[in-house]
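Next up is a structure, given as structure tokens.
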Amino acid sequence: MGKKTTILGLISDTHGLLRAEALRALRGSDLILHAGDVGAPEILETLKTIAPVVAVRGNVDTGEWAKALPLTEVIPAGPAMIYMLHILKDLDLDPAVAGFAIVVSGHTHKPGQTENDGVLYINPGSAGPRRFYLPVTVARLDLSVKPWEVEIIPLPVLK
């Protein structure tokens, strides 16, 4: 992490399923952020074969292994300070006042990005088992350009 970290892979809600398509989409990342509901420690170990990983605990991460995961994380990356948590409605600080440029969250399985008060909010969606008719996605965040570029990457789902 630090000033040279400019390409971030964003993933969330794997729920114990790490698709080969997700791994391919995250290749080339300087850092991978997992916004919770990991589902199994092997997910993080596999992601670490691509790039360093920072992860937070989601509501389904209840096993003994998950106790090591924090509920929130602060990540300095390139020109930005990032705040990550699983459930956005649990945000208990004002990111703009606290100096965060980006907030990454998961939980809803709905990919998207919004900006509020100068803070970029990103949800990479769900990369795990498909839920309802929501897409299966990961995201890529490029901090080397301004405005920062967020790409939501849909993953092919066979079923």
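Stretch LYS89-GLU115 to full length: gain in nm at 0.36 nm per residue minus the Cα-Cα span?
7.8 nm
Oh, and also: Considering the options LEU91, PRO156, GLY58, tell which one lies farthest towards the positive end of the dipole of the chain, charges being +1 on Lys and Arg and -1 on Asp and Glu at the Cβ, about the Cα centre.
PRO156
Run the paramagnetic zone check for THR72: 7 angstrom along Cα to Cβ, then residues of the range 89-123 with backbone nitrogen under 15 Å.
So the set is 89-106.
Between VAL97 and THR49, what is 0.36 nm times their sequence separation minus the Cα-Cα distance? Round to one decimal in nm.
13.7 nm
How large a share of the accessible area of the range 28-114, in percent, is made up of carbon and sulfur atoms when the probe is 1.4 Å and the other protein chains stay in place?
The C+S portion of the solvent-accessible surface of the range 28-114 is 55 percent.
Let me ask another. Which listed residue (ALA139, GLN113, SER126) has the Cα farthest towards the positive end of the charge dipole for the range 39-152, taking +1 on Lys and Arg C-beta and -1 on Asp and Glu C-beta about the Cα centre?
The one lying farthest along the dipole's positive direction is SER126.
Explain nothing, just compute: Karplus ³J(HN,Hα) = 6.51 cos²θ - 1.76 cosθ + 1.60, θ = phi - 60°, for every residue of the range 19-26 in order, whole Hz, x for Gly and Pro.
For the range 19-26, the Karplus-derived couplings read 6, 4, 5, 5, 4, 4, 5, 8 Hz, x marking Gly and Pro.
Using +1 at the Cβ of each Lys and Arg and -1 at the Cβ of each Asp and Glu in the range 1-43, identify which of THR6, ALA35, LEU17 lies farthest towards the dipole's positive end.
Checking the options against the dipole of the range 1-43, the answer is THR6.
In square angstrom, what is the accessible area per residue of the range 53-125 with a 1.4 angstrom probe?
48
[x] 22.5, 80; [y] 15.4, 56; [z] 14.2, 44: which one is Rg and Dmax of the Cα atoms in Å as calculated from this entry?
[z]
If you put +1 on each Lys and Arg Cβ and -1 on each Asp and Glu Cβ, how big is the dipole of the range 70-159 around its Cα centre, in Debye rounded to 20?
540
For the range 1-140, what number of Lys pairs, 8 or more residues apart or on separate chains, have alpha-carbon atoms under 21 Å from each other?
Pairs that pass both the separation and distance tests number 4.
The values are calculated or read from the model by the stated rules, or taken from the named source; none is laboratory data. Since the model is a prediction, treat every value here as computed from it, not as a measurement. As a convention, Cβ positions derive from the backbone with ideal geometry for all residues, glycine included, and neighbour counts pool all protein chains shown. Heavy atoms of the whole protein, side chains included, go into the accessibility calculation; ligands, DNA and RNA do not. Shrake-Rupley method; radii C 1.70, N 1.55, O 1.52, S 1.80 Å.
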